[in-house]
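The values are calculated or read from the model by the stated rules, or taken from the named source; none is laboratory data. Quick caveat, the model's predicted, so the values are computed rather than measured. Note that each Cβ is placed from the backbone with ideal geometry, even for glycine, and that neighbours are counted across all protein chains shown.
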Amino acid sequence: MDKKGIFQAVLFAGAVVSLVGCAAWRAGFMEGYTSWQAQNNYFLVGTNSTNFGYRQMRYLQGYHPTIVGFVEGHGLPDFIYAYKTEKGYGGFRFYYANIDTVYVFEERNNRANSIVQKEERRLTDNEWRTYAHLMGREVPPPAERTNRFVRPVTPRMALNQPMQPTSR
């Protein structure tokens, strides 16, 4: 091998090592690798690293800086839904049951900084039913529901704060 060939091989190896070591690249790769499993599915997020919803949120945060800032301000969602937009890009709904709010984000293209918040709204009855199902709770069918039905709510704690006992 001549000097030019050795130089190119070392340059290529250095590029591969730097890409593999880059957290954003790894997160983007893993988010893409697992996106087919997440498409059109609801997942509880929780805080357990073995939880698929939690890992998906970490991948999204590693790839999209906008999501990092959003989660820093709002905390992790209770559950998420991933889908493809009409243009074939990623769409994500973040559900916060304790404040009865859904935040919808969609990618405009394949770049990391292309994700934008498209909508903020209340959870629909079907989304509440989905959340109850994910939590393992029974929910009466829509025809049998009464006005006294209490929607399931997950208590939210501030970051790094011990849980305080509640009195009833």
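Tabulated results
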read-out	value
Conditions (1) assigned to a loop (DSSP other than H, G, I, E, B); (2) more than 19 Å from the chain's Cα centre (by Cα); (3) modelled with pLDDT of 85 or more; number of the one not met by residue 139	(3)
Residue within the stretch 44-53 that is under 26 Å from residue 89 (Cα atoms), at pLDDT below 70 and in a helix (DSSP H, G or I) present	no
Pairs with Cβ under 7 Å, 6+ apart, first in the stretch 111-128 and under 14 Å from residue 97 (Cβ atoms), second assigned to a loop (DSSP other than H, G, I, E, B)	122/100; 123/100; 128/151
Meets criteria (over 21 Å from residue 135 (Cβ atoms), in contact with a Ser or Thr (Cβ under 8 Å, 6 or more places away or on another chain) and modelled with pLDDT of 80 or more) for residue 59	yes
Only one of 103, 95 that is part of a strand (DSSP E or B), in contact with a Leu (Cβ under 8 Å, 6 or more places away or on another chain) and closer than 22 Å to residue 54 by Cβ	95
Residue in the stretch 78-96 that is among the small types (Gly, Ala, Ser), within 19 Å of residue 130 (Cα to Cα) and modelled with pLDDT of 90 or more present	yes
Test: residue in the stretch 4-12 that is in a helix (DSSP H, G or I), at pLDDT 60 or above and surrounded by 16 or more Cβ atoms within 10 Å (Cβ to Cβ)	no
Residue in the stretch 58-79 that is part of a loop (DSSP other than H, G, I, E, B), surrounded by fewer than 19 Cβ atoms within 10 Å (Cβ to Cβ) and not hydrophobic (A, V, I, L, M, F, W, C) present	yes
Test: residue in the stretch 18-36 that is of a type in the set (A, V, I, L, M) and either closer than 18 Å to residue 122 by Cα or modelled with pLDDT of 90 or more (or both)	no
